[in-house]
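**Q** First the structure, then my questions, so here it is.
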Ligand code: FE
């Protein structure tokens, strides 16, 4: 699989300012302000940058943080993780494996069965709803 590579200018013109800040500059949207933190619509959350399907609404849960939170990715290799030592703490950054978009961070305080909390930015995601399903 070849990665999606675009120049800064190409990403800038393809994304909103907030989407660009979050995905390409590792920014964070303010809690409780994003499009999806409280969304319960059934569907698949894809990468806003490249369209790769990343998380299913079935594993989305209310973490109380104000960011969309999931307990496992659609496929283990759809995301990448790396250590993030910014802000004087050690966190694990979550990225789209397909285009290196910054998605958010993963913390080991999620629910069963994985115990993981993928705490993501709405601005990194594009929800593709399933028509025939309510959750
Ligand atoms: Fe991507």
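The values are calculated or read from the model by the stated rules, or taken from the named source; none is laboratory data. Quick caveat, the model's predicted, so the values are computed rather than measured. A quick note on method: Cβ atoms are made from the backbone with ideal geometry, for glycine too, and the neighbour counts reach across all protein chains shown.
**Q** Just to be sure, is residue 18 at pLDDT 95 or above and either more than 16 Å from the ligand (Cβ to nearest atom) or under 14 Å from residue 125 (Cβ atoms) (or both)? Walk me through how you get there before you give the answer.
**A** Working: at pLDDT 95 or above: yes; either more than 16 Å from the ligand (Cβ to nearest atom) or under 14 Å from residue 125 (Cβ atoms) (or both): yes.
Yes, satisfied.
**Q** While we're here: Of the residues that sit in the stretch 94-128 and are in contact with a helix residue (DSSP H, G or I) (Cβ under 6 Å, 6 or more places away or on another chain) and outside any strand (DSSP E or B), which one is nearest to the ligand (Cβ to nearest atom)?
**A** Checking each candidate, the answer is 101.
**Q** Consider only pairs whose beta carbons are under 9 Å apart and that are at least six residues apart or on different chains; among these, list those whose first residue lies in the stretch 9-34 and is in contact (Cβ under 8 Å) with a residue 40 or more places away in the chain and whose second residue is exposed (fewer than 13 other Cβ atoms within 10 Å of the Cβ).
**A** Listed pairs, sorted by first residue: 24/8; 26/86.
**Q** Next up: As an exercise: evaluate residue 25 against (1) more than 16 Å from the ligand (Cβ to nearest atom); (2) surrounded by fewer than 17 Cβ atoms within 10 Å (Cβ to Cβ) and give the number of the one condition it does not meet.
**A** That leaves (1) as the condition not met.
**Q** Can you pull out the residues in the stretch 73-85 that are touching a residue at least 12 places away in the same chain (Cβ under 8 Å) and either in a strand (DSSP E or B) or more than 16 Å from the ligand (Cβ to nearest atom) (or both)? I'd like the intermediate steps shown before the answer.
**A** Step one: list which residues in the stretch 73-85 are touching a residue at least 12 places away in the same chain (Cβ under 8 Å), which gives 73-74, 77-82, 84.
Those that are touching a residue at least 12 places away in the same chain (Cβ under 8 Å) and either in a strand (DSSP E or B) or more than 16 Å from the ligand (Cβ to nearest atom) (or both): 79, 80, 81, 82, 84.
**Q** To continue, here is another question. Could you please let me know if residue 41 is over 13 Å from the mean Cα position of the chain (by Cα) and either more than 10 Å from residue 124 (Cα to Cα) or buried (at least 18 other Cβ atoms within 10 Å of the Cβ) (or both)? Let's see the steps before the verdict.
**A** Numbers: over 13 Å from the mean Cα position of the chain (by Cα): yes; either more than 10 Å from residue 124 (Cα to Cα) or buried (at least 18 other Cβ atoms within 10 Å of the Cβ) (or both): yes.
Criteria met by residue 41.
**Q** Please work out which residue is farthest from residue 99 (Cα to Cα), limiting yourself to the stretch 54-65 and to residues that are touching a residue at least 24 places away in the same chain (Cβ under 8 Å) and surrounded by 17 or more Cβ atoms within 10 Å (Cβ to Cβ).
**A** Ranking the qualifying residues of the stretch 54-65, first place goes to 63.
**Q** Looking at the stretch 49-72, which of its residues are under 20 Å from residue 109 (Cβ atoms) and either assigned to a strand (DSSP E or B) or touching a helix residue (DSSP H, G or I) at 6+ places or on another chain (Cβ under 8 Å) (or both)?
**A** Within the stretch 49-72, 55, 60, 61, 67, 68, 69, 70, 71, 72 meet the criteria.
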